[in-house]
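Comments concern the structure below.
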Amino acid sequence: MALLPIIVAPDPRLKIRAEPVEQVDDELRLILDDMLETMYEAPGIGLAGPQVGVLKRLIVVDVRDDGEEDGKANPYRMANPEIIDVSEEDRVHDEGCLSFPDQYAEVERPDAICVRYLDEQNVSRELRADGLLATCIQHEIDHLDGILFVDHITALKRKMILRKLTKIKKQAERELA
Ligand code: GNR
Ligand code: NI
């Protein structure tokens with residue numbers, strides 16, 4: 001088990017489309033476990049391969065039994081996740097992202113989805129999700145397509161968030177120099 005460094009925006013590596021995996025083998029199971037460990041430590045409720053420099057269609061999610069703060073752990077490891085159905089109804093959530101530390105914005109997405117994926121045993125599964133779990137899975141699949149939550153908000157808000165992060169990154173570089 002290992003913690004993986006999380007890439008912070010703006011970074012061209014977050015804008016690349018990730019490649020599908022052929023099958024979930026021992027090597028990918030180890031990466032999925034490292035991603036979960038990294039996500040819990042952050043802490044976050046989801047993590048996508050590209051955020052840790054893995055350009056494969058891998059995501060992990062745990063919103064802890066319906067988003068209750070002290071709910072039981074309920075981790076999902078997904079390879080090649082695909083949304084195969086969405087509800088007509090939308091929901092708005094104040095989203096954050098581990099690649100955008102301390103930045104939040106309201107994003108509207110379908111309230112419920114059906115997602116097809118390969119689980120950690122390389123078995124094809126379908127999951128119906130709604131609420132926070134549905135929001136999080138959509139946010140993670142976006143990462144696999146190089147799409148970030150700020151791509152769903154107004155250009156002005158996006159500019160403000162990216163300007164803040166650029167400033168913070170430059171400051172950190174100066175402190176290291
Ligand atoms: O930890 C996270 N919280 C979150 C909150 C609302 C909507 C989406 C998310 S995902 C985010 C972790 C992350 O950046 N995943 O890519
Ligand atoms: Ni994210």
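Each value in this text was obtained by applying a stated rule to the coordinates, not by laboratory testing. Predicted model, so just to flag it, every value in this text is computed and none were measured. Note that we place each Cβ from the backbone using ideal geometry, even for glycine, and neighbour counts take in every protein chain shown.
Here are the numbers for the structure shown:
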item	result
Positions within segment 144-171 being small (G, A, S) and surrounded by fewer than 11 Cβ atoms within 10 Å (Cβ to Cβ), in sequence order	A155
Meets criteria (over 22 Å from G53 (Cβ atoms), away from ligand 1 (no atom under 16 Å from the Cβ) and touching a residue at least 24 places away in the same chain (Cβ under 8 Å)) for E82	yes
Every pair of residues 6+ apart whose Cβ atoms lie under 6 Å, when the first sits in segment 1-19 and is among the basic types (K, R) while the second is surrounded by fewer than 18 Cβ atoms within 10 Å (Cβ to Cβ)	R13/I7; K15/G146; R17/D145; R17/G146
Among (1) β-branched (V, I, T); (2) in contact (Cβ under 8 Å) with a residue 40 or more places away in the chain; (3) under 20 Å from G49 (Cβ atoms), the one test that I153 misses	(3)
Selected residue (criterion: farthest from ligand 2 (Cβ to nearest atom)) from residues of segment 68-102 that are surrounded by 14 or more Cβ atoms within 10 Å (Cβ to Cβ) and among the aliphatic types (A, V, I, L, M)	V86
Positions within segment 85-123 being in contact (Cβ under 8 Å) with a residue 60 or more places away in the chain, out of contact with any helix residue (DSSP H, G or I) (no Cβ under 7 Å at 6 or more places or on another chain) and not charged (D, E, K, R), in sequence order	P101, L118, Q121, N122
